[in-house]
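Enquirer: Have a look at the structure that comes next, please.
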Amino acid sequence: MTPVQLVQTAHERGITTLTLNSPANRNALSAALVAELTEALSACAEDPAVRAVVLTHTGATFCAGADLKEATGVPPAAEGSAPGPAGSGVGSAAGAAQVASGTGPAGDSAAAGRDGAGASGVGSAAAGAPGSVGPAGWGAGSAAEGQPAGAAHAAAGGTGPAGGFAAVGRDGAGASVGSAAYVLVRLMRAIVELPKPVVARVSGHVRAGGLGLLGACDISVAGPGASFALTEARLGLAPAVISLPLLPRLDPRAAARYYLTAERFDAPEAARIGLITLAADDPDAALAPVLDALRAGSPQGLAETKRLLTAEVLRVFDRDTDDLAALSARLFASDEAREGMTAFLQRRDPVWAR
């Protein structure tokens, strides 16, 4: 049987479209999907026929964040088992996958505190150090760039499959998540450093690490079916590494509101606060003139202009990656985070809710 392509590639008139194609887990950032997307971005960087990249998705979700079913390391036979008691971990693999996907027991229409909450927490932790992806001079982060040894280790491949999604079990969760934390950073940085514009087309839900991918893109358009949420605070976590591309772009007052309250918001609000470029009833129609304009751009002109636009974001990556990855690991291993995820899986409020 031919394996399913988790990232589909199509090319038309200078524009390469990369489509996240793992709807069964709501395009969660599994090791396989991250590896395929990183490889596809590297190929786009090297191909002179590619003027710009469109990043889009199949299914009703652009990206739900980390694939907790994979990250927890629970074997398939354990799927469907009851979640463990408070403080014992995240429970079953199936339940963890629900948290990661943003559906959970109540579905995606659940209140902001429950939809995608777990994914927001661990999706934030599932990040990557600036790694060597693509030709020399692009995405070639290493300890030589001033990153400590931990970042260099992750850039060299980390400890989990495909360079980083190490199993995150009940014991030593902090260390495992600390290793996994560099994988998403590496992917987000690959988007930011790609010497060609990356345009996101969103027609579904975006949670957790998905917001990090969106923040890394240069231009983004979202349709009326899109929704967004940063629900980490409700699980005893924080939107740590995804803040690397997000905070430099977001309106500070809006970031404070949505980081702290975990409220869900729509595409027009996402455009108002700087998360996306444009909210449109028809994303494809809205993108058509944008893509035509990019086709008319000089390869050198586009690359150097993007370098100017992303300079501050990359300074934030250089400065804060290790601190935020460590924060993700510490919070994810905490008693409060275990209580938050367990409460979600058990369909109850956490002990701190009032």
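Enquirer: Give the residues of segment 229-261 whose amide nitrogen is closer than 16 Å to a point set 7 Å from the Cα of Arg315 in the direction of its Cβ.
Expert: Zone members listed by number: 244-250.
Enquirer: Give me the net charge of Ser220's neighbourhood, meaning all other residues with Cβ under 11 Å from the Cβ of Ser220; Lys, Arg count +1, Asp, Glu -1. Walk me through the numbers before you get to the answer.
Expert: On the way: positive: Arg201, Arg249; negative: Asp218.
Net local charge, Ser220 excluded: +1.
Enquirer: Here is a follow-up. Quick one: if the Förster radius is 25 Å, what FRET efficiency do Leu278 and Thr305 give, using the C-beta to C-beta distance and rounding to 0.05? All intermediate terms of the calculation are to be shown ahead of the outcome.
Expert: Details: r = 19 Å, r/R0 = 0.76.
Rounded to the nearest 0.05, the efficiency is 0.85.
Enquirer: Return the equivalent ellipsoid semi-axes of segment 260-354 as a descending list in whole Å, where each equals the square root of 5 times an eigenvalue of the C-alpha gyration tensor. Mind showing how you got there, number by number?
Expert: Numbers: eigenvalues 296, 103, 21 Å².
Ellipsoid half-lengths, sorted descending, are 38, 23, 10 Å.
Enquirer: Which residues does the label zone of Arg295 cover in segment 1-39, counting backbone N under 12 Å from a point 7 Å along Cα→Cβ?
Expert: Output list for this probe position: 12-16.
Enquirer: In a shell of Cβ-Cβ distance under 12 Å around Ala40, excluding Ala40 itself, what net charge do Lys and Arg (+1) and Asp and Glu (-1) give?
Expert: Numbers: positive: none; negative: Glu36, Glu39, Glu46, Asp47.
Residues close to Ala40 contribute a combined charge of -4.
Enquirer: Could you give the accessible area per residue of segment 217-354, probe 1.4 Å, as a whole number in Å²? Mind showing how you got there, number by number?
Expert: Details: 6580 Å² over 138 residues.
Spelled out: the 1.4 Å probe surface of segment 217-354, per residue, equals 48 Å².
Enquirer: By what distance, in whole Å, do the Cα atoms of segment 199-243 stretch along each of the three principal axes, largest value first?
Expert: Taking the Cα atoms of segment 199-243, the three principal extents are 31, 21, 8 Å.
Enquirer: For segment 1-43, report the convex hull volume of the alpha-carbon atoms normalised per residue, in Å³, without decimals.
Expert: Values: hull volume 3.6 nm³, N = 43.
It comes to 83 Å³ per residue, whole-number rounded.
Enquirer: Where the centroid of each part is defined by its Cα atoms, how far is segment 1-62 from segment 265-284 in Å?
Expert: Taking the Cα centre of segment 265-284 as reference, the centre of segment 1-62 is 22 Å away.
Enquirer: Around Val7, which amide H atoms from residues at least 5 apart in sequence, or from another chain, sit under 5 Å from its own amide H, with H modelled in the peptide plane?
Expert: Asn21
Enquirer: Per residue of segment 198-204, what does 6.51 cos²θ - 1.76 cosθ + 1.60 with θ = phi - 60° give for ³J(HN,Hα)? Whole Hz please, x for Gly and Pro, Karplus curve as stated.
Expert: Along segment 198-204, the couplings run 10, 10, 8, 10, 10, 10, x Hz.
Enquirer: Now, a different point. Kindly sort Val4, Val206 by accessible area of their heavy atoms, largest first, with the probe set to 1.4 Å.
Expert: Numbers: Val4 100, Val206 0 Å².
Most to least solvent-accessible, the answer reads Val4, Val206.
Enquirer: Would you mind estimating how fast segment 245-292 diffuses translationally, via Stokes-Einstein at 4 °C and 1.567 mPa s with the Kirkwood radius over Cα pairs, in µm²/s? Each step should come with its number before you reach the end.
Expert: Working: Rh = 11.8 Å.
The calculation lands on 109 µm²/s.
Enquirer: Next up: Provide the solvent-accessible area of Thr2, counting protein heavy atoms only and rolling a 1.4 Å probe, rounded to the nearest 10 Å².
Expert: Result for Thr2: roughly 120 Å² accessible.
The values are calculated or read from the model by the stated rules, or taken from the named source; none is laboratory data. None of the values given here were measured: they were computed from a predicted structure. Neighbour counts are summed over all protein chains in view; Cβ atoms, including those assigned to glycine, are modelled from backbone coordinates with ideal geometry. Accessible surface areas use protein heavy atoms only, side chains included; no ligands, DNA or RNA. Shrake-Rupley method; radii C 1.70, N 1.55, O 1.52, S 1.80 Å.
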